[in-house]
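The values are calculated or read from the model by the stated rules, or taken from the named source; none is laboratory data. Just so it is clear, the structure is predicted and the values come from calculations on it, not from any experiment. Virtual Cβ from ideal backbone geometry, glycine too; neighbours counted across all protein chains shown. Accessible surface is based on the protein model in full, side chains and every heavy atom, while ligands, DNA and RNA are left aside. Shrake-Rupley method; radii C 1.70, N 1.55, O 1.52, S 1.80 Å.
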Amino acid sequence: PETITVQELANRMAARGGEVVKALFRMGVMATLTQSIDADTAELVVQEFGHRVKRVAESDVEIGLEGATDEDTDLESRPPVVTIMGHVDHGKTSLLDALRKADVAAHEAGGITQHIGAYQVTVPDGSRVTFIDTPGHAAFTAMRARGASVTDMVVLVVAADDGVMPQTIEAINHAKAANVPLIVAVNKIDKPGVNPDRVRQELLQHEIVVESLGGETQEVEVSATQKINLDKLLEAITLQAELLDLRANPDRAAEGTVIESKLDRGRGPVATVLVQKGTLKQGEIVVAGAEWGRVRAMLDDKGRQLKSAGPSLPVEILGLSGVPTAGENFVAVEDEGRAREISDFRQRKLREKVSAAHTAGRGTLAEMLA
Ligand code: GTP
Ligand code: MG
C-alpha cells in the first residue's frame, strides 16, 4: 500500500503540520510529522479539512499515492514503457529508429511519422511496446527527482566494440535506484572482430549478471544498422513485461506524466504526455503541472488524431494554457473550476519554492524545481 508522510500531506493541503497531527489524534492515530500514514487514512484527513482543501488536495493525494483509487478488479493489462539508455554513440538512436521501422502499425498508417518524445510500436505478435525516446540521463534524473516513475524497464545499449563506459555505469545505477529491470542489448555485433564476451565480463563487475553467465538479466546481441536480432530484443521486452504483469485501470480519469513540451508557433503549447492510468478523451479538461486547459486535439506519434488514449499510450495534446515542464504529472478533472483551483495551488507552491530558493541563496532555479 502507498503511504505519505504527515508533513507531505500537510504541504499538499497547504495546512499546518500541527493541525494535521491534531486531526489524526482525533481520529485515534498517533503520528508525528515525519511518520507515514496510508492512503485511506490520508483521505480521511483530507476530508476532515473541509471542502475547498479537499478539492484541491484530493487530486494531489491521488496523484501522489499511486493506486490509491484503483481496485485490483479494475486493472487491465497494459503495454510496457521502455527507456533506452547507454553510453554516447553506442547506438541508442539507431536502435530506436530500427525498432520503430519494425513497427507493423507504422506501415499501415502510411509511414507518416513525426518526432515526438515517445512512441508506441506494435510487435509482430500483436502486443504493443511504448518507447521513451532517450530522455537522456539528466532528464531521467529530473523525472525521478519529481517522483515520476514513467519507465517499466531499461534497455541498456552497450556497443560491443567499446564495452562498458562511464554512462553505461550511470545507466545501471539509475535502473537500480529506480528499481526497474534491465535488458542488455549488446549492439554493433556486425562489426568485425568485436567481442561480446568482454562486455558480459565487464557488466559482471557492476553486478549485472546476464543469463548466459547464469544470471537473471536478459541479453540480446543486436545490430541496429544491420537490423540483426531486433525481433529477439522485442521478445525479451515482451517477456519481461509478462513477468512484471503490468496493469492499469482504463476506466477512470486519466493520469500520467509530461514527457516533453514546447511552444509551437501555430499550435500554441504542445505537450507530449504518457497516459499511465485511465483514459484521456478529447475535449476533457486537464491539469498538467501548473498549467491547465481543454484538450482541443490529441495526436499519436504517427500524427493521427485520436478521440481517446488509454494506459501506456503517449500522445501530443493541444489546448493547454502554457507549457508544462517535462516530468510533471497531468490529470484529467471534471470541470474548469477544479482545474483552476489545482493550477492555482500548484503555481502558489511553485512560487513558494522559488522564493525559498531565493532566500536560501544557493542552488539554481532548475535544481529547486527538480
Ligand atoms: P548519442 O545520442 O550521441 O549518445 O549516440 P547514440 O547512442 O544515439 O548512437 P547513434 O545511434 O547516434 O550511433 C552512433 C554511431 O554508431 C552512428 O554512426 C551509427 O551509425 C553507429 N551505429 C549504431 N548502431 C550500429 C550498429 O549496430 N553497427 C554499426 N556498425 N554501427 C552502428
Ligand atoms: Mg542518440
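Got a sec? Which strands (runs of 3 or more DSSP E) wholly within the range 184-280 have at least 2 residues that are closer than 20 Å to Val158 by Cβ? Spell out the reasoning first.
Working: elements: 219-221, 255-264, 268-277.
Result: 219-221.
Quick one: Asp89 ticks every box in (1) within 14 Å of ligand 1 (Cβ to nearest atom); (2) modelled with pLDDT of 90 or more; (3) in contact with an Asp or Glu (Cβ under 9 Å, 6 or more places away or on another chain); (4) open to solvent by less than 40 Å² (accessible area, probe 1.4 Å) except a single one, so which number is it?
Of the numbered conditions (1) within 14 Å of ligand 1 (Cβ to nearest atom); (2) modelled with pLDDT of 90 or more; (3) in contact with an Asp or Glu (Cβ under 9 Å, 6 or more places away or on another chain); (4) open to solvent by less than 40 Å² (accessible area, probe 1.4 Å), the odd one out for Asp89 is (4).
Quick one: which residue in Glu211, Glu221, Glu170 is in contact with a helix residue (DSSP H, G or I) (Cβ under 6 Å, 6 or more places away or on another chain) and open to solvent by 70 Å² or more (accessible area, probe 1.4 Å)?
Answer to the check: Glu170.
Would you please list the contacts, defined by Cβ atoms under 6 Å and residues six or more apart or on different chains, that run from a residue in the range 180-204 that is touching a residue at least 12 places away in the same chain (Cβ under 8 Å) and on the phi > 0 side of the Ramachandran plot to a residue that is part of a loop (DSSP other than H, G, I, E, B) and crowded, with 20+ Cβ neighbours inside 10 Å?
Lys188/Ala160
Restricting the search to the range 73-93, which residues are among the β-branched types (Val, Ile, Thr) and away from ligand 2 (no atom under 16 Å from the Cβ)?
Residues satisfying the conditions are Thr73, Val81.
Across the range 1-30, what is the total count of residues that are closer than 10 Å to Val45 by Cα and assigned to a loop (DSSP other than H, G, I, E, B)?
Qualifying residue count, the range 1-30: 1.
From the set of residues in the range 212-263 that are of a type in the set (Val, Ile, Thr) and touching a Ser or Thr at 6+ places or on another chain (Cβ under 8 Å), which is nearest to ligand 1 (Cβ to nearest atom)?
Step by step, filter the range 212-263, then rank; the result is Thr225.
Anything in the range 310-325 that is over 23 Å from Asp251 (Cβ atoms) and surrounded by 22 or more Cβ atoms within 10 Å (Cβ to Cβ)? List them, or say none.
Of everything in the range 310-325, those that are over 23 Å from Asp251 (Cβ atoms) and surrounded by 22 or more Cβ atoms within 10 Å (Cβ to Cβ) turn out to be Glu316, Leu320, Pro324.
Sort out which residues of the range 226-237 are surrounded by 14 or more Cβ atoms within 10 Å (Cβ to Cβ) and either modelled with pLDDT under 95 or not β-branched (Val, Ile, Thr) (or both), and write them in order of number.
Listed by number, the residues that qualify are Lys227, Asn229, Leu230, Asp231, Lys232, Leu233, Leu234, Glu235, Ala236.
Scan the range 258-288 for residues that are of a type in the set (S, T, N, Q) and either modelled with pLDDT under 90 or open to solvent by 20 Å² or more (accessible area, probe 1.4 Å) (or both) and jot them down.
Of everything in the range 258-288, those that are of a type in the set (S, T, N, Q) and either modelled with pLDDT under 90 or open to solvent by 20 Å² or more (accessible area, probe 1.4 Å) (or both) turn out to be Ser261, Gln276, Thr279, Gln282.
Consider the range 185-203. How many of its residues are among the aliphatic types (A, V, I, L, M) and within 16 Å of ligand 2 (Cβ to nearest atom)?
Matching residues across the range 185-203 total 1.
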